[in-house]
């Protein structure tokens, strides 16, 4: 169990996050959604220990010190731009090795190639990371994050640079990894239909506070979408049983 307790962040006297509390269960994927600028990225970074914050983060009943977070929590940013002479395979290997100066065993190398193969990237293993597309880089850094085998994985817009097919592949891989290994994942997302399809739970963040939290079928409804986004929207269940969110129009006098 991963607990986020009383997390608060302020910049220049302005409150970005106000006492966020959340408990994430093993083997689950949580979608963190909400308008731009509402604190989703800030929450992920603060939980990962990348920016100063008040509050605590605990795993398996123990409050995590900064050094513990490095061992327990992996964070993948939205911007994975990289200009480096490292190869794709070397980038993945760095998910588990502190440096590449040591001899790398054949077993760990094969495992890293397998991590790339899960995203159909093994043919690119010898290419420089700076010489592949932005979408391919995003997949490489996700492969790196999963290769690290974290107990908790935090992802900031993991499908932002991807085409529709790879969005489905990525979220399916994340969810299946959670189910198989007990990993806990939380991903900031904008596509509510994808969140409904893959997430066990959706947390709406607005104005730096949690305003709705629960299973997709419970919290994805027109009233909450109007409250959070200032839009009129329809939520329908398709023949496959998956919820689809269809925005209709922005409402005047609500939101930005």
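The values are calculated or read from the model by the stated rules, or taken from the named source; none is laboratory data. Only a predicted model underlies this, so the values are computations on that prediction, with no experimental measurement involved. With ideal geometry, Cβ positions are generated from the backbone for all residues, glycine too; neighbour counts draw on all protein chains shown.
Here is the figure for the stretch 156-166: residues that are over 12 Å from residue 119 (Cβ atoms) and in a helix (DSSP H, G or I) total 1. Report yes if some residue within the stretch 165-178 is within 17 Å of the chain's Cα centre (by Cα), under 28 Å from residue 42 (Cβ atoms), exposed (fewer than 15 other Cβ atoms within 10 Å of the Cβ) and in contact (Cβ under 8 Å) with a residue 24 or more places away in the chain; otherwise report no. Yes, that holds for at least one residue.
Scanning the stretch 35-60 for residues that are in contact (Cβ under 8 Å) with a residue 60 or more places away in the chain and assigned to a strand (DSSP E or B) yields one hit, 59. Can you pull out every residue in the stretch 144-155 that is modelled with pLDDT of 95 or more, surrounded by 22 or more Cβ atoms within 10 Å (Cβ to Cβ) and either touching a helix residue (DSSP H, G or I) at 6+ places or on another chain (Cβ under 7 Å) or part of a helix (DSSP H, G or I) (or both)? The answer is 153, 154.
Scanning the stretch 106-140 for residues that are in contact (Cβ under 8 Å) with a residue 12 or more places away in the chain, outside any loop (DSSP other than H, G, I, E, B) and surrounded by fewer than 22 Cβ atoms within 10 Å (Cβ to Cβ) returns 108, 109, 111, 113, 124, 128, 130, 134, 135, 136, 137. From the list 64, 44, the one residue that fits, being under 24 Å from residue 181 (Cα atoms), in contact with a helix residue (DSSP H, G or I) (Cβ under 7 Å, 6 or more places away or on another chain) and buried (at least 18 other Cβ atoms within 10 Å of the Cβ), is 64.
Close Cβ contacts (under 8 Å, 6 or more residues apart or on different chains) running from residues in the stretch 75-96 that are at negative phi and modelled with pLDDT of 85 or more to residues that are assigned to a strand (DSSP E or B) and surrounded by fewer than 17 Cβ atoms within 10 Å (Cβ to Cβ) comprise 86/128; 87/128; 88/128.
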